[in-house]
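The values are calculated or read from the model by the stated rules, or taken from the named source; none is laboratory data. Because the structure is a prediction, the values reported are computed rather than measured. A quick note on method: Cβ atoms are made from the backbone with ideal geometry, for glycine too, and the neighbour counts reach across all protein chains shown.
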Amino acid sequence: MMYTSNLILLASLAIPSLAAYQPVWDINASHFFDNFTFVNSPDTFTNGFTQYVGIDEALSSGLAKINNGKVRLGVDSKNTYSTTSSGRKSLRLQSYGWFDNGLLVADFNHVPVAGCGMWPAFWVYQGEQQQGSYAEIDILENVNVHTANTHSFYTSEKCTINVQKGNLVPEKTTDCTWKSDGPSSQGCSFNAEEGTFNQPFNDQYRVVALQVESERIRIWHFKKTEVPADLSSANPNPDAWTKAPTVHITPKSCDFHKAFNHFYIIINITFCGSWAGDDFSNTNYAGQCKAKTGTSDCKSWVAGHPTDFTNTYFEFNSIKLFQRG
């Protein structure tokens, strides 16, 4: 079933502030591709060395497929590319439906693994439909060989926060305001615990949950043995979960409902670009990729080493949205 923005809007407008959560979306292998559009263009969003392909090529090439009842979304790991091309073929999906608030739960069977050059992300943002306004929350994201997840919050609204739990990355502040012509250090970003990204995630973890409400925003990581039983029910209750969130923020000088809304789900894997880096000598993590690959040139590494990205794929059991009703 395809969930339209009108349905989500109606559900959003009808939510009492502290009512119990009710199921709105249950996106799984039986209808996953009906709920997303596939971007078909080079990655101009992050200047990545990536050519996103449309749904027809994604399915025919096997970059997108149903695998044993799970949804696999990956990258080309067979071909080499010219460094003057638009880049390695990959996927960027955007949900047709959007939401303003609720509990978004991603149940992963696998997150991307490889290392140098990769930049995978599972995130939500307003999209280009809201002119003059921007909001983004990064739920699962990092680059290269890092093994800890990061979470970032950006809004075009003036927005300062109180941090109830979470470790801000060193260059970030509690001002989540973002402007298109602002410095790269703007916005609020938090480090998650070690083991929440890359292969260590696959070894231990399964579920990442985002709660967005007017009074607070929280993000949890759940190991395979920690997934709350009520996530299998129709009425999960995050306030009853014993696992502490990785991040818990509340508004200081900010209207969360105005600052963080109209969210589309994005799933993408890009390469190099503005974070993973075109120059391994100057990217994050103390030159680890230069030492590992023997080159400083991200594009040449990604272009010439297809088998290095055999395990660079997402595999989803489901994506669910619950809203107060």
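In region 43-56, of all residues being surrounded by fewer than 17 Cβ atoms within 10 Å (Cβ to Cβ) and over 20 Å from Y264 (Cα atoms), the one that is modelled with the highest pLDDT corresponds to D56. Of all residues in region 259-292, those satisfying the criterion of being surrounded by fewer than 20 Cβ atoms within 10 Å (Cβ to Cβ) and closer than 17 Å to G187 by Cβ are S274, W275, N284. If you go through region 238-272 and pick out every residue that is touching a residue at least 40 places away in the same chain (Cβ under 8 Å) and more than 21 Å from Y205 (Cβ to Cβ), you end up with 19.
Quick check: is even one residue across region 238-249 over 28 Å from Q51 (Cβ atoms) and aromatic (F, W, Y)? The answer is yes; a qualifying residue exists. Restricting attention to region 137-183 and to residues that are in contact with a strand residue (DSSP E or B) (Cβ under 6 Å, 6 or more places away or on another chain) and of a type in the set (K, R), the residue that is modelled with the lowest pLDDT turns out to be K172. Looking at this structure, is H248 at positive phi and either modelled with pLDDT of 95 or more or within 20 Å of the chain's Cα centre (by Cα) (or both)? The answer is no for H248. Do we find that T37 is more than 24 Å from E136 (Cα to Cα) and surrounded by fewer than 19 Cβ atoms within 10 Å (Cβ to Cβ) in this structure? Answer is no for this residue.
Restricted to region 19-34, and to residues that are small (G, A, S) and at pLDDT 95 or above, which residue is farthest from E141 (Cα to Cα)? Taking the candidates together, the pick is S30.
In region 243-251, the condition of being surrounded by 19 or more Cβ atoms within 10 Å (Cβ to Cβ) and not in a strand (DSSP E or B) is met by at least one residue. Any idea which residue in region 195-205 is nearest to F108 (Cα to Cα), counting only those that are surrounded by fewer than 20 Cβ atoms within 10 Å (Cβ to Cβ) and in contact (Cβ under 8 Å) with a residue 12 or more places away in the chain? Filtering region 195-205 for residues that are surrounded by fewer than 20 Cβ atoms within 10 Å (Cβ to Cβ) and in contact (Cβ under 8 Å) with a residue 12 or more places away in the chain, the one nearest to F108 (Cα to Cα) comes out as N202. In region 50-71, the residues that are more than 29 Å from C298 (Cα to Cα) reach residues that are part of a strand (DSSP E or B) and at pLDDT 95 or above with C-beta atoms within less than 8 angstrom, at least six apart or across chains, in these pairs: I66/R72; N67/E315; K70/N109; K70/E315; K70/F316; K70/N317. Only a single criterion out of (1) in contact with a His (Cβ under 9 Å, 6 or more places away or on another chain); (2) surrounded by fewer than 24 Cβ atoms within 10 Å (Cβ to Cβ); (3) closer than 27 Å to Y21 by Cα is not satisfied by F99, namely (2).
Residues that are at positive phi and modelled with pLDDT under 85 within region 277-300 comprise G277, Y285, A286, G287, listed in sequence order. N149 meets all of the listed conditions (1) more than 14 Å from the chain's Cα centre (by Cα); (2) surrounded by 14 or more Cβ atoms within 10 Å (Cβ to Cβ) but one, namely (1). Residues of region 230-246 that are in contact with a helix residue (DSSP H, G or I) (Cβ under 8 Å, 6 or more places away or on another chain) and acidic (D, E): D230 alone.
Only one of the numbered conditions (1) free of Cβ contacts under 8 Å to residues at least 60 places away in the same chain; (2) within 17 Å of T46 (Cβ to Cβ); (3) under 15 Å from the mean Cα position of the chain (by Cα) is not met by I137, and that is (1).
I219 - would you say it is part of a strand (DSSP E or B) and either under 30 Å from Q51 (Cα atoms) or among the polar types (S, T, N, Q) (or both)? No, not satisfied. Just one of the numbered conditions (1) closer than 24 Å to Y313 by Cα; (2) aromatic (F, W, Y); (3) surrounded by fewer than 22 Cβ atoms within 10 Å (Cβ to Cβ) is not true of W178: (1).
Looking only at region 175-213, which residues are more than 22 Å from W241 (Cβ to Cβ), small (G, A, S) and not in a loop (DSSP other than H, G, I, E, B)? Correct list: S189 only. Within region 155-194, the residues that satisfy the criterion of being touching a residue at least 60 places away in the same chain (Cβ under 8 Å) and among the hydrophobic types (A, V, I, L, M, F, W, C) are C159, I161, V163, C176, C188.
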